[in-house]
Amino acid sequence: MAKRNQTLGEFIIENQNAFLYSTGELSKLINAIRLAAKVVNHEVNKAGLIDILGTSGDVNVQGEDQQKLDVLANNKFIQTLSNREIVCGIASEEEDDFVAINSLDKKHQNKYVVLFDPLDGSSNIDVNVSVGTIFSIYRRVTPIGGPVTMEDFLQPGRKQVAAGYIVYGTSTMLVYTTGHGVNGFTLNPAIGTFYLSHPDMKYPEDGQIYSVNEGNYIHFSEGVKKYIKYCQMEEEDRPYTSRYIGSLVSDFHRNMIKGGVFLYPKSSRAKEGKLRLLYECNPMAFLAEQSGGKASDGFHPILDIEPKELHQRVPFFCGSKNMVEKIEEYMKIYG
Ligand code: AHG
Ligand code: MN
Ligand code: MN
């Protein structure tokens, strides 16, 4: 039973028992993500300082050029996960291909693969706006003992074992699900511990926020344009409020707490949409469904899509159940 103010470490141990025949491998993996999150949080919080050093053309004490934060976050996560030898493969937004993790003594003995977006919303770093990290975990489908293959990564979101995000915001939070609801933990930076601050999060069924980059309006399909006009109409609880940060993690986090819907449709410029199915949309869709919300490509649940490639893009409508259903109605009629 989740207790407010329980630490994430305690919560992970306690909830391990919820998994039949659990070997603790998933718990170790989530623990490693917890650690990587703290390291990246530390780096993100220094971003302003890094920028100052960067613009003066300085190098760091080791004589290296300052790295871009998304490359840095990518490396920290991959390092933390591979050093602990708890996954057999990793896929990342920042890597063209997946990374197979081989351990010399325990060759390919691990059963999980992780896919992640190391730094989401990275265009917001320079202006001190919240960014995040997104992760998605699957059990491999190829036999343990052999090398991981693309098949292990190209699984429909419905097969996710766990997923979550870290939002580096006014406070840093780690929000995740293992398929038994969604729980949110807030970092106490003074002692470096995550505490359960948002137990059993529930996506409100209805909401009054719509989040979309309206600069792309003329490139949207008829269905999306008409839905946006619907949001702006003066009727009952409308017009809705428009809120768009430009970091999926932050937009999702706010909407899950307040009620709302996030749209990244396809457009005449981005034919398949912009967001990536495997490490952006699927984990968010899993969290949405686990908290009572919904995620769709406009016609079908995101979690049912059979992925074809690692960096595949997909139109994304995610949020309060009734709002996503309303969008699907418009898409069905107008496309
Ligand atoms: P990333 O920084 O990982 O590339 O992701 C950015 C994504 C997402 O976070 C956000 O919702 C979206 O891009 C914003 O796109 P626009 O600037 O086109 O609105
Ligand atoms: Mn992203
Ligand atoms: Mn990214």
Which order do the peptides 235-244, 140-149 come out in when sorted by mean C-beta neighbours inside 10 angstrom, highest first?
140-149, 235-244
Pairwise FRET efficiency - ASN128 versus THR193, Cβ, R0 = 22 Å, nearest 0.05
0.35
FRET efficiency, 1/(1 + (r/R0)^6) with R0 22 Å, evaluated for GLU95 and LYS46 via beta carbons:
0.40
Percentage relative contact order, the chain, counting C-alpha pairs under 8 Å, at least six apart:
16
With a 1.4 Å probe and every protein chain left in place, tell me how much accessible area MET150 has, in Å² to the nearest 10.
70
Accessible surface of ILE30 - all protein chains present, 1.4 Å probe, nearest 10 Å²
10
Beyond 19 Å (Cα-Cα) in this structure, taken from LYS3/LYS321; LYS226/LYS326; LYS226/LYS332; LYS202/LYS274, we find LYS3/LYS321; LYS202/LYS274
Which of the aspartates and glutamates could a cross-linker bridge to LYS28, judged by Cα under 12 Å and excluding same-chain residues fewer than eight apart?
GLU85
With labels modelled as points extended 7 Å from the Cα through the Cβ direction, what inter-label distance (nm, one decimal) is found for TYR244 paired with ASP206?
2.5
Taking the Cα centre of the chain as origin, sum charge times position over the Cβ atoms of Lys and Arg (+1) and Asp and Glu (-1), and report the length of that vector in debye to the nearest 20.
540
Taking θ = phi - 60°, what integer Hz values does the Karplus form 6.51 cos²θ - 1.76 cosθ + 1.60 yield along the range 227-241, in sequence order, with x for Gly and Pro?
5, 4, 5, 4, 4, 8, 5, 7, 7, 6, 8, 9, x, 6, 8
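The values are calculated or read from the model by the stated rules, or taken from the named source; none is laboratory data. Model, not experiment: these values are computed from the prediction. Please note: Cβ atoms are built from the backbone with ideal geometry, for glycine as well, and neighbour counts cover all protein chains shown. Keep in mind that these areas ignore ligands, DNA and RNA; they rest on the heavy atoms of the full protein, side chains included. Shrake-Rupley method; radii C 1.70, N 1.55, O 1.52, S 1.80 Å.
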